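Quick notes on the structure that follows.
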Amino acid sequence: MDYSELGRLADKARENSYCIYSGFSVGAALLTAGGRVYTGCNIENASYPAGICAERTAFSKAISEGERRFTAIAISGGSKGEAPQDAYPCGICRQFMNEFVNGNEFDVIVVHSDLSHTVHKLKELLPYSFGPDNLNK
Ligand code: THU
């Protein structure tokens, strides 16, 4: 699976976004080490903090299916019905992902408005992180 295709799957996942409060739709496509893809979208709630981001939806789907090894996640977000606009993962999602991946290896792919993309290591986005190794000593 190349990252351009993963980015397109993330953009497609925006279509299912439930974002009636913000009007900002986000899609994510998470690639496992075994080559499977789990998609997710943001799901908002009348009680605003109860909503969940696209990235955590995708991870939760995968983790709950038994997946534990991940290669990359692509993210596409922007005003609903419009082109994506460089949506980087929020801080909570960066921390959530860090639990399950090696930040030096895991790729975060941000989809641009023309559906081209940029690749970052999670470590770039979450330096000096706190993770499982801090507690398992
Ligand atoms: N959102 C995501 O799905 N992922 C992010 O990393 C940033 C924000 C969603 C949450 C909310 O539904 C909407 O975008 C506006 O914040």
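When the stretch 88-102 is examined, which residues are found to be β-branched (V, I, T) and either farther than 20 Å from R14 by Cα or open to solvent by less than 70 Å² (accessible area, probe 1.4 Å) (or both)? Passing the criteria: only V101. The set of residues in the stretch 104-114 that are surrounded by 14 or more Cβ atoms within 10 Å (Cβ to Cβ) and more than 14 Å from the chain's Cα centre (by Cα) contains only H112. Can you find a residue in the stretch 115-123 that is of a type in the set (S, T, N, Q) and more than 18 Å from the chain's Cα centre (by Cα)? No - not one qualifying residue is present in the stretch 115-123. Scanning the stretch 107-119 for any residue that is within 16 Å of the ligand (Cβ to nearest atom), over 15 Å from F70 (Cβ atoms) and polar (S, T, N, Q) turns up at least one such residue.
Would you point out the residue of the stretch 1-23, among those that are in contact (Cβ under 8 Å) with a residue 60 or more places away in the chain and touching a Gly at 6+ places or on another chain (Cβ under 9 Å), that is farthest from the ligand (Cβ to nearest atom)? The qualifying residue farthest from the ligand (Cβ to nearest atom) is L9. Taken over the stretch 88-105, the residue count meeting the criterion of being among the polar types (S, T, N, Q) and in a helix (DSSP H, G or I) is 2.
Yes or no: D133 of a type in the set (D, E), open to solvent by 10 Å² or more (accessible area, probe 1.4 Å) and within 14 Å of the ligand (Cβ to nearest atom)? Judged against the criteria, D133 is not a match.
Hey, can you tell me all the residues within the stretch 24-36 that are more than 16 Å from the ligand (Cβ to nearest atom) and either charged (D, E, K, R) or within 12 Å of the chain's Cα centre (by Cα) (or both)? Once the filter is applied, which keeps residues that are more than 16 Å from the ligand (Cβ to nearest atom) and either charged (D, E, K, R) or within 12 Å of the chain's Cα centre (by Cα) (or both), the stretch 24-36 yields L31, R36.
The values are calculated or read from the model by the stated rules, or taken from the named source; none is laboratory data. The model shown is predicted, which means the values in this text are computed figures rather than measured ones. Cβ atoms come from the backbone with ideal geometry, glycine included; neighbour counts cover every protein chain shown. SASA here: full protein model, heavy atoms, side chains in, ligands and nucleic acids out. Shrake-Rupley method; radii C 1.70, N 1.55, O 1.52, S 1.80 Å.
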